[in-house]
Amino acid sequence: DAGVTQSPTHLIKTRGQHVTLRCSPISGHKSVSWYQQVLGQGPQFIFQYYEKEERGRGNFPDRFSARQFPNYSSELNVNALLLGDSALYLCASSDITGVGETQYFGPGTRLLVL
Amino acid sequence: QKEVEQNSGPLSVPEGAIASLNCTYSDRGSQSFFWYRQYSGKSPELIMSIYSNGDKEDGRFTAQLNKASQYVSLLIRDSQPSDSATYLCAVNTGGSYIPTFGRGTSLIVHP
């Protein structure tokens with residue numbers, strides 16, 4: 001089975017621009033999470049969606065938004081890009097197991113803001 | 001503030017040795033614990049999960065959980081140069097579906 005897929009793999013933008021990142025979860029997974037990872041740090045939680053509803057939001061400004069579609073794929077949007085938004089953006093999908101929800105990561109989108 | 005702490009390293013071990021990676025967490029309500037491996041420039045890859053006190057073994061990897069002391073560790077036996085990577089600890093608190101990640105420990109296995 002295919003794993004989590006993300007597009008694009010790399011992206012270069014300039015300050016003030018807008019970016020849309022896309023993610024398709026593992027087949028059968030209904031939950032998608034977005035993370036930002038800067039060099040030397042662990043992934044920082046941005047959003048989680050389950051069954052098209054926002055289930056959690058991390059400590060990120062309103063410039064960040066996301067949504068989940070009926071097929072469980074998801075988009076992360078970032079407006080008014082800042083240099084500090086340069087990072088690896090990770091999407092993870094999960095399926096509620098009742099014991100612990102394991103997150104499986106996609107390959108990530110590397111965003112560079114100039 | 002839920003915190004997950006890891007020594008950033010690098011931890012350097014010779015090939016064939018046991019590598020021991022440690023992680024402490026602040027929330028006593030934590031119930032699910034995960035170890036991920038991340039190669040440079042790549043995304044995190046799940047190694048194993050652990051939910052109960054004690055040891056869990058999977059091949060050369062053993063996860064150890066001690067909820068009373070609030071730590072979880074990962075042992076890698078017979079370390080190989082291909083194990084050189086950053087190891088991330090992630091912790092879910094009870095009732096939360098959102099893991100908190102540590103900053104990771106860099107492991108270097110030298111021949």
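Values computed for the structure shown
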{"read-out": "Close pairs from the stretch B:80-104: first free of Cβ contacts under 8 Å to residues at least 12 places away in the same chain, partner assigned to a loop (DSSP other than H, G, I, E, B), Cβ under 6 Å, at least 6 apart", "value": "B:Tyr97/A:Glu101"}
{"read-out": "Pick from the stretch B:60-90, criterion over 23 Å from B:Pro10 (Cβ atoms) and either more than 14 Å from chain A (Cβ to nearest Cβ) or under 9 Å from the mean Cα position of the chain (by Cα) (or both), ranking: surrounded by the most Cβ atoms within 10 Å (Cβ to Cβ)", "value": "B:Gln70"}
{"read-out": "Residue check for B:Glu57: within 11 Å of chain A (Cβ to nearest Cβ) and modelled with pLDDT of 95 or more", "value": "no"}
{"read-out": "Where A:Asp85 falls short, out of the listed (1) among the acidic types (Asp, Glu); (2) buried (at least 19 other Cβ atoms within 10 Å of the Cβ); (3) within 13 Å of chain B (Cβ to nearest Cβ)", "value": "(3)"}
{"read-out": "Condition broken by B:Leu11, with the remaining ones in (1) more than 12 Å from chain A (Cβ to nearest Cβ); (2) of a type outside the set (Gly, Ala, Ser); (3) surrounded by fewer than 20 Cβ atoms within 10 Å (Cβ to Cβ); (4) out of contact with any Leu (no Cβ under 6 Å at 6 or more places or on another chain) satisfied", "value": "(4)"}
{"read-out": "Given (1) at pLDDT below 95; (2) touching a strand residue (DSSP E or B) at 6+ places or on another chain (Cβ under 7 Å); (3) at positive phi, index of the condition B:Tyr97 fails", "value": "(3)"}
{"read-out": "Checking A:Lys52 against (1) of a type in the set (Lys, Arg); (2) surrounded by fewer than 16 Cβ atoms within 10 Å (Cβ to Cβ); (3) at pLDDT 95 or above, the condition it does not meet", "value": "(3)"}
{"read-out": "For A:Arg67: the one exception among (1) more than 12 Å from chain B (Cβ to nearest Cβ); (2) in contact with a Gly (Cβ under 9 Å, 6 or more places away or on another chain); (3) assigned to a strand (DSSP E or B)", "value": "(2)"}
{"read-out": "Some residue of the stretch B:31-53 being in contact with a helix residue (DSSP H, G or I) (Cβ under 9 Å, 6 or more places away or on another chain) and over 19 Å from A:Leu90 (Cβ atoms)", "value": "no"}
{"read-out": "Strands (runs of 3 or more DSSP E) within the stretch B:38-111 that include 3 or more residues closer than 19 Å to A:Val38 by Cα", "value": "B:85-93, B:105-110"}
{"read-out": "For B:Asn7: the one exception among (1) closer than 28 Å to B:His110 by Cα; (2) free of Cβ contacts under 8 Å to residues at least 24 places away in the same chain; (3) not in a strand (DSSP E or B)", "value": "(2)"}
{"read-out": "Single residue of the stretch B:22-53 satisfying the filter (surrounded by fewer than 16 Cβ atoms within 10 Å (Cβ to Cβ), of a type in the set (Gly, Ala, Ser) and within 24 Å of B:Tyr97 (Cβ to Cβ)) that is nearest to the other protein chains (Cβ to nearest Cβ)", "value": "B:Ser52"}
{"read-out": "Single unsatisfied condition, B:Gly104 versus (1) at negative phi; (2) within 14 Å of chain A (Cβ to nearest Cβ); (3) not aromatic (Phe, Trp, Tyr)", "value": "(1)"}
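The values are calculated or read from the model by the stated rules, or taken from the named source; none is laboratory data. Treat the numbers as computed from the prediction; the structure is a model and nothing was measured. Here the Cβ is made from the backbone with ideal geometry for all residues, glycine too, and neighbour counts use every protein chain on show.
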